[in-house]
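The values are calculated or read from the model by the stated rules, or taken from the named source; none is laboratory data. The structure presented is a predicted model; accordingly, all values stated were derived computationally and were not measured. As a convention, Cβ positions derive from the backbone with ideal geometry for all residues, glycine included, and neighbour counts pool all protein chains shown.
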């Protein structure tokens, strides 16, 4: 497995999420960090964009996925985002961390998932 990583940090997502219906009534902002392990190490890319993961396309797909419907659990959305990222050509593994800013006494609550590699 490559030690190389593509990082997407602090992606702002507007989603309807939460267990109680009143929490899902209006969109709230989540923050997503996505770590991608590429199938090809950076040294093998020969500086050709077609050989790497298109992180702009990943961001766009994640934004669409997150906004397409409401969910109750962060865990559900994190798992769906990881599966979405794994669909992109050249992705061997994906890790997703989501943070939600709902409890006033903490900076954030969140979840993390890692998919792909041997656990794919």
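With respect to being in a loop (DSSP other than H, G, I, E, B), more than 15 Å from residue 28 (Cα to Cα) and in contact with a strand residue (DSSP E or B) (Cβ under 6 Å, 6 or more places away or on another chain), residue 53 fits the description. Evaluated against (1) outside any helix (DSSP H, G or I); (2) crowded, with 17+ Cβ neighbours inside 10 Å, residue 104 falls short on exactly one condition, (2). For region 23-49, a tally of residues being under 12 Å from residue 70 (Cα atoms) and outside any strand (DSSP E or B) returns 5. Contact annotation: residue pairs with Cβ atoms under 8 Å, 6 or more positions apart or on different chains, pairing a residue in region 75-102 that is more than 18 Å from residue 4 (Cβ to Cβ) with a partner that is part of a loop (DSSP other than H, G, I, E, B), are 99/108; 100/108; 101/107; 101/108; 102/18. How about region 1-40: which of its residues are under 15 Å from residue 108 (Cα atoms), within 13 Å of the chain's Cα centre (by Cα) and surrounded by 14 or more Cβ atoms within 10 Å (Cβ to Cβ)? Matches in region 1-40: 11, 13, 30, 31, 32, 33. Each residue in region 57-74 was checked for being touching a residue at least 12 places away in the same chain (Cβ under 8 Å) and not in a loop (DSSP other than H, G, I, E, B), and 11 pass.
Could you tell me whether any residue of region 79-89 is modelled with pLDDT under 95 and on the phi < 0 side of the Ramachandran plot? Checked against the condition, which is being modelled with pLDDT under 95 and on the phi < 0 side of the Ramachandran plot, region 79-89 yields at least one hit. Residues in region 89-112 that are over 14 Å from residue 30 (Cβ atoms) and in contact with a strand residue (DSSP E or B) (Cβ under 8 Å, 6 or more places away or on another chain): 90, 91, 92, 93, 94, 95. Taking the listed residues 31, 72, the one that is out of contact with any helix residue (DSSP H, G or I) (no Cβ under 7 Å at 6 or more places or on another chain) and within 18 Å of residue 7 (Cβ to Cβ) is 31, with no other qualifying. Evaluated against (1) out of contact with any helix residue (DSSP H, G or I) (no Cβ under 7 Å at 6 or more places or on another chain); (2) surrounded by 19 or more Cβ atoms within 10 Å (Cβ to Cβ); (3) part of a helix (DSSP H, G or I), residue 85 falls short on exactly one condition, (1). In region 41-56, the count of residues that are surrounded by fewer than 11 Cβ atoms within 10 Å (Cβ to Cβ), closer than 15 Å to residue 86 by Cα, without any contact (Cβ under 8 Å) to a residue 60 or more places away in the chain and more than 12 Å from the chain's Cα centre (by Cα) is one or more.
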